[in-house]
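The block underneath contains the structure these notes are about, expressed in structure tokens.
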Protein chains: 2
Amino acid sequence: MLLEKTFVDTITYRPGVVILYPGKADMLYRVSNGLVRVHTMDDDGNGLTLRYVKPGEYFGEEALAGLNRQYFAEAVTDSTVDVMNPALMGAEENLEVTTHLVKTLERAYASIYRLVGKRLRARIASELLELKDTALATRQQNGELLIYATHDELAAAVGSVRETVTKVVGELSRDGVISAGYGKITLKDEKALRQIAAE
Amino acid sequence: MLLEKTFVDTITYRPGVVILYPGKADMLYRVSNGLVRVHTMDDDGNGLTLRYVKPGEYFGEEALAGLNRQYFAEAVTDSTVDVMNPALMGAEENLEVTTHLVKTLERAYASIYRLVGKRLRARIASELLELKDTALATRQQNGELLIYATHDELAAAVGSVRETVTKVVGELSRDGVISAGYGKITLKDEKALRQIAAE
């Protein structure tokens with residue numbers, strides 16, 4: 001439950017629009033619709049996705065701690081975002097945000113675990129399962145799930161490069177686990193995908 | 001400022017003692033002295049350090065969100081820990097813990113960034129600089145900093161294996177940046193170490 005007074009604004013962003021840049025941070029943001037990507041860039045301008053923010057989840061948490069923002073936030077699909085003033089949050093809202101932060105930290109640790117201990121094949125499978133319940137996924141008439149994601153986007157999310165991702169996507173396609181088209185991937189066998197993610 | 005009523009207990013642990021195991025989480029912990037390591041293990045029992053918890057910092061944050069603990073917490077040196085009941089925390093304590101969570105998340109993202117974009121040499125340099133102001137470090141009479149850390153511990157912290165860490169530590173020693181002894185590393189040139197960390 002969020003208090004009325006906490007809301008400053010509600011804004012809708014088009015896909016690809018950068019919502020937040022690194023720098024001074026005042027406001028906290030909650031996705032109400034769509035999908036937002038929090039990412040950073042290396043010195044060569046290569047993107048690294050730190051997390052996807054789904055409806056009901058928050059970003060811009062630096063404002064809670066009075067810290068400068070280190071990251072970018074970008075709308076992946078059409079996304080509606082509530083802008084909130086953290087200074088006006090009540091106890092219940094604070095608990096909700098704290099819970100989100102703890103979960104986000106666990107997800108970051110899971111990413112570290114996968115980066116260190118899992119092969120790229122397993123990390124790509126995990127990533128596709130992660131995107132399964134986002135605005136990037138649509139259920140087809142035949143029941144299969146189609147996910148809109150380019151190999152570049154997958155690479156940024158699993159800490160790899162496009163060429164290598166393309167190779168693994170090809171392998172998974174040949175194994176019948178997914179089928180890949182231009183900028184989209186269809187999940188053909190979600191059970192097999194979960195097994196590969198756990199490898 | 002932490003309220004008196006929030007404290008449940010203060011406990012001192014010997015080096016190597018496991019303070020928390022994965023499972024049900026009720027209490028929040030704050031290190032008042034020493035150094036605590038939060039880590040996980042892969043299926044083969046290899047450790048992966050997720051973060052070090054220094055005096056004034058918290059661990060066991062799962063209790064804030066009513067989530068099960070996923071990780072181990074272990075005393076690295078003699079460590080004194082305050083056990084706190086998150087249900088009894090006041091607004092000011094909540095803000096302190098939230099600030100800590102935001103910073104911890106930033107550190108996790110920095111780890112992901114280094115894992116993806118930095119060579120092992122840079123990651124080991126970062127890790128040594130991270131340990132510089134912990135209970136593992138002691139200033140020598142000649143002004144140099146000595147850090148107690150085995151190659152196994154460094155490997156667990158940078159997501160590598162001992163053999164590879166040993167090789168890189170050897171390189172850094174030959175370059176005169178550090179000098180390595182059994183279970184300890186002396187920082188000979190901190191400026192060079194910072195440059196290597198940024199490579």
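Taking a ≥ b ≥ c as the square roots of the Cα gyration tensor eigenvalues, region B:107-149 comes out prolate, since a/c reaches at least 1.5 and a/b is larger than b/c. Taking region B:151-198 on its own, what percent of its Cα-Cα pair distances exceed 18 Å? The calculated P(r) of region B:151-198 puts 26 percent of pairs beyond 18 Å. For A:Lys184, the lysines whose Cα falls under 20 Å of its own Cα, not counting residues fewer than eight places away in the same chain, are A:Lys54, A:Lys132, A:Lys167. Once you reduce region B:55-116 and region B:160-199 to the center of their Cα atoms, the two points are 29 Å from each other.
Springs between Cα atoms under 10 Å define the GNM used for chain B, and in it the highest mean-square fluctuation of B:Tyr21, B:Tyr52, B:Tyr182 occurs at B:Tyr182. Using the Cβ of B:Lys188 as centre and a radius below 15 Å, the other residues enclosed give a net charge of +1, where K and R count +1 and D and E count -1. Of the candidates B:Asn142, B:Asn68, B:Asn85, which one comes out as most mobile in a Gaussian network treatment of chain B with C-alpha springs shorter than 10 Å? The residue with the greatest mean-square fluctuation here is B:Asn142. When the scattering of region B:112-199 is computed by the Debye formula from its Cα atoms alone, each counted once and equally, what is log10 I(q)/I(0) at q = 0.14, 0.17, 0.22, 0.26 Å⁻¹? Listed by q, the Debye log ratios stand at -0.41, -0.62, -1.08, -1.54.
Work out, in µm²/s and without decimals, the Stokes-Einstein translational diffusion coefficient of region A:65-127 at 10 °C, 1.306 mPa s, Rh from Kirkwood over C-alpha pairs.
107
Does the protein assembly as shown classify as rounded, prolate or oblate by the C-alpha gyration tensor (a ≥ b ≥ c root eigenvalues; a/c under 1.5 gives rounded; else a/b over b/c gives prolate, otherwise oblate)? The shape class here is oblate.
When you filter the GluC sites (Glu not before Pro) in region B:127-167 for DSSP loop state and at most 15 other Cβ atoms inside 10 Å of their Cβ, you are left with B:Glu144. Among A:Asp133, A:Asp43, A:Asp82, the residue with the largest mean-square fluctuation in a Gaussian network model of chain A, with springs joining Cα atoms closer than 10 Å, is A:Asp43. Seen from every direction in turn and averaged, the convex hull around the alpha carbons of region A:2-54 projects onto 4.7 nm². With the Kirkwood sum run over all distinct C-alpha pairs, region B:1-155 has a hydrodynamic radius of 16.6 Å. Scalar couplings 3J(HN,Hα) for region B:43-57, obtained by applying the Karplus form with A = 6.51, B = -1.76, C = 1.60 to θ = phi - 60°, are 4, 8, x, 6, x, 9, 6, 8, 6, 9, 10, 9, x, x, 9 Hz; x denotes Gly and Pro. Spin-label pair B:Thr99-A:Thr10: with each label point 7 Å from Cα along the Cα-Cβ axis, the two points sit 3.3 nm from one another.
We did not get these values from a lab; they are worked out from the coordinates using the rules stated. As the structure is a prediction and not an experimental result, all values here were calculated from the model. Cβ coordinates were reconstructed from backbone atoms using ideal geometry, including for glycine residues, and neighbour counts include every protein chain displayed.
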